[in-house]
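Comments concern the structure below.
Since every read-out is calculated from the coordinates, none of them should be taken as a lab result. Please read all numbers here as calculations on a predicted model, not as lab measurements. Cβ atoms come from the backbone with ideal geometry, glycine included; neighbour counts cover every protein chain shown.
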Amino acid sequence: MTPLMITAAAAGTWTLGDLVVNRIGFGAMRLPQTGEALIPDAVPRDRDQAVAVLRRARELGVNHIDTAAFYFSPLRSANELINRALAPYPDDLVITTKVGPARDASGEWAPHAGPAQLRAQVEENLRQLGRDHLDVVNLRIVGKGSIAERFGALAELREAGLIRHLGLSNVTPAHLAEARAIAPVVCVQNSYGIGMRPEQDAFVRACGEQGIAFVPFYAIAGTEREAGASGGDAPEILSVARAHGVSAAQVRIAWTLHRGPHVLAIPGTGDPDHLAANVAAGALRLSADELAVLDALHARG
């Protein structure tokens, strides 16, 4: 499989509310820095390189970008880079952002926003991206308590026209049910991948049954999270990768896409070659036997 010849369209499409996206998208978390993300002393990435990666993503058919105002390094913010690289925005580009978490100017984490602070976070994303509305806003949750007040605040902003569609991040099925009683939910973002959180399998299926996109994050990095993939892949993954002449990361992306037509991928990178390989993973078709082996590995956690 030659990555440079494959576009995001190879993975098929899904509709977020009324917005059609290719199932292979791009996550912007790693774009502002090199190395570990979301730390105060992150090393800023070269701006021209980051802008080039975003423009190359568009050339490869990516029309779904995941970002957040709290994705920044000392000199770069993901939203600023997206604005610089892609504005004026193409009509088919869907930008999904998150609110709830906050970092101060030094990069240290601050308390999660309450209902009164969420509007300010939405407006900050609007300002940074240079838009008059946000396509999709995910409320990111910490803990298992009620989200009704916070999600209700975002639903009011949706009614006011600042947000087109709403989603959730880092949530439970109970959170989803609570949110859907307030306003429509178009996507759920949770950490998920081969061997990571197999207890999420039923939730993944339930989202599909409800017509809601499931968007795994850390599908490549796994338990390494912000630090990125460690390269210590299981023999089963490496065997499938060798059989197809692809990388272990591509197998991990392809496996998530095989979990259902509603599953979207948002792998992130600042490397143009990795970008092309990630997009090409959308064309990787795993056999029933290969899926059985990978599913068994996943079930072992």
Original post:
What is the set of long-range amide H partners of Arg45 at a cut-off below 5 Å, with H atoms built 1.01 Å from backbone N?
Top reply: Gln33, Thr34
Original post:
In what sequence, highest mean first, do 69-81, 284-296 appear when ranked by Cβ atoms within 10 angstrom?
Top reply: 69-81, 284-296
Original post:
Taking K and R as +1 and D and E as -1, what net charge do the other residues with C-beta under 12 Å from the C-beta of Asp135 add up to?
Top reply: -2
Subject >> Prolate/oblate/rounded call for the range 181-291, Cα gyration tensor, a/c under 1.5 rounded >> reply: prolate
Subject >> Projected label distance in nm at Asp41 and Trp109, using a 7 Å step from Cα toward the beta-carbon >> reply: 1.9
Original post:
Exposure proxy check: Thr96, Thr7 ranked by fewest other beta carbons within 10 Å?
Top reply: Thr7, Thr96
Original post:
Check Asn138: other-chain or 5+ apart residues with amide H under 5 Å from its amide H, H built from backbone geometry?
Top reply: Thr97, Lys98, Val99, Gly167
Subject >> Two-decimal log10 I(q)/I(0) for the range 239-301, as the Debye equation yields it once each C-alpha is a single scatterer, q = 0.15, 0.18 Å⁻¹ >> reply: -0.45, -0.64
Subject >> Ordering of 18-30, 157-169, 101-113 by packing [mean C-beta count within 10 Å, highest first] >> reply: 18-30, 157-169, 101-113
Subject >> Nearest-20 debye value, the chain charge dipole, Cβ charges on Lys, Arg, Asp, Glu >> reply: 100
Original post:
Does the range 1-118 come out rounded, prolate or oblate, given a ≥ b ≥ c as the square roots of the eigenvalues of its C-alpha gyration tensor, rounded meaning a/c under 1.5 and, failing that, prolate meaning a/b above b/c?
Top reply: oblate
Original post:
Once you sort the root eigenvalues of the Cα gyration tensor of the range 80-170 as a ≥ b ≥ c, which label holds: rounded (a/c under 1.5), prolate (a/b larger than b/c) or oblate (the other case)?
Top reply: oblate
Original post:
So, in nm, how far is label Ala177 from label Ala296 when the simple model puts each one 7 Å beyond its Cα toward the Cβ?
Top reply: 3.5
Original post:
Which of the peptides 250-256, 232-238 is most tightly packed, and how do the rest follow, judged by the mean count of other Cβ atoms within 10 Å per residue?
Top reply: 250-256, 232-238
Subject >> Proxy reagent accessibility, fewest Cβ within 10 Å first, across Lys98, Lys144 >> reply: Lys144, Lys98
Subject >> Relative contact order [Cα under 8 Å, 6+ residues apart], the chain, whole percent >> reply: 21
